[in-house]
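The values are calculated or read from the model by the stated rules, or taken from the named source; none is laboratory data. Note that the structure is a prediction, hence the values are computed from the model and not measured. Neighbour counts run over all protein chains shown; Cβ positions are idealised from the backbone, glycine included.
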Amino acid sequence: MSVAELVNLKQGRDEPLRTFMRRYFEAARIVKDVTHEFIMNNLPNCLKPGFVSESLYAELPKTMEELQEKMIKFIKMEYQRHYHKKVEAPITEAKREDQRSHDKGRNQRLPRRGPPIPLGPRYDDYAHLTVPREKVFEKALQTNLITVRRRRSPRDANGSKTCRFHDNRGHSTEGCQSLKDEIERLIRVGYLREFVKAETSQRGRSPKKIRRSP
């Protein structure tokens, strides 16, 4: 490979930084009489426009070891961004579903007579967990699969019981039906499977029609 070919080497628009750096260093090794200084100075021109190329333009490494350390950090940063996008996607969709359900319920007319029908379980059956539901909630909270949905405590709430999911008093985290439904929903789309007992992890479960107040 000639020096001109190394100069014209470009990172693809959707090409991960790790993949391109492997290509770039492999190409640099087979260019005859190319110096480390040239490899370092040429790299920013080959990267796609953005944070990484701008950072290298602002402060070029002085040695190949320093360059490799910088690029490893950039690769880790890129991986973290992709990971968070992957994790946040189902959360964003869940929020949209909740908003659509809220808007639909708000537009429905309230009944003139008769007491409201209580909201029952969302599913006919639920996965059997290997640990208490509160432990599953802690894991889901740490990985941003669940966010706390604060609700005001009822006036006659039992002060001895607290719910971390709703950040209020009156019922326990373990006995919270909303949290139970949310964990079940996440399990059905492929998350938190490590907390499901083997006999239920592969069993298909169908959602139960939610009863709502007319």
*Could you list, in sequence order, the residues of the range 50-64 that are of a type in the set (Ser, Thr, Tyr) and either in contact with a Lys or Arg (Cβ under 6 Å, 6 or more places away or on another chain) or at pLDDT below 90 (or both)?*
53, 55, 57
_Could you check the range 103-138 and list, in sequence order, the residues that are assigned to a loop (DSSP other than H, G, I, E, B), over 19 Å from residue 186 (Cα atoms) and at pLDDT 55 or above?_
108, 109, 119
*Would the range 138-146 turn up any residue that is under 27 Å from residue 86 (Cα atoms), surrounded by 15 or more Cβ atoms within 10 Å (Cβ to Cβ) and of a type in the set (Ser, Thr, Tyr)?*
no
